[in-house]
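Here the structure is laid out as structure tokens; the discussion comes afterwards.
The values are calculated or read from the model by the stated rules, or taken from the named source; none is laboratory data. These numbers were taken from a predicted model, which means no experiment stands behind them. Methodologically, a virtual Cβ is constructed for each residue, glycine included, from the backbone with ideal geometry; neighbour enumeration extends over all protein chains shown.
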């Protein structure tokens with residue numbers, strides 16, 4: 001076999017370098033792509049949560065046609081679910097999908113069953129929000145921020161019916 005024939009059978013070192021560089025570029029791109037997918041998923045979950053809270057706000061408005069009284073905290077989900085198009089709206093998308101007993105929203109206990117007109121500065125008062133409390137009809141005295149395992153930000157439904165997303169540092173200033 002001549003030198004010319006052996007060169008045609010094997011790959012040159014230049015081709016090997018190109019192959020290695022291509023493989024390195026592909027593997028580096030995969031890590032970047034994975035982080036972008038994770039971020040997109042987190043944003044979809046957060047937007048789904050905000051949408052659910054908006055629907056819950058509309059259901060609260062339908063609960064009392066005059067829009068004056070809020071449901072009691074011990075049955076707030078039971079009362080609101082009658083006015084929702086789907087019971088899945090009461091489940092935060094960040095809570096495990098396989099569990100039908102975990103919800104992820106809580107209502108502030110002090111506002112259960114009261115007249116909305118008695119809430120001072122009701123446009124800035126969180127009423128229902130993301131919560132680490134996952135049981136049905138969860139209620140708490142204070143607005144607590146869920147852990148980073150579910151959302152890096154918090155969705156909040158205010159007493160006047162509007163909902164918004166806050167960074168963890170902003171939620172305490174809206175109490």
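Just a few scattered comments:
- Residues in the stretch 158-175 that are out of contact with any helix residue (DSSP H, G or I) (no Cβ under 7 Å at 6 or more places or on another chain) and more than 13 Å from residue 125 (Cβ to Cβ) were compared, and the one that is modelled with the lowest pLDDT is 172.
- Filter result (exposed (fewer than 15 other Cβ atoms within 10 Å of the Cβ) and closer than 20 Å to residue 62 by Cα) within the stretch 84-108: 85, 86, 87, 88
- Positions within the stretch 110-140 being assigned to a loop (DSSP other than H, G, I, E, B) and closer than 16 Å to residue 59 by Cα, in sequence order: 112, 113, 137
- Extreme residue, modelled with the lowest pLDDT, among residues of the stretch 137-157 that are surrounded by fewer than 16 Cβ atoms within 10 Å (Cβ to Cβ) and closer than 17 Å to residue 95 by Cα: 148
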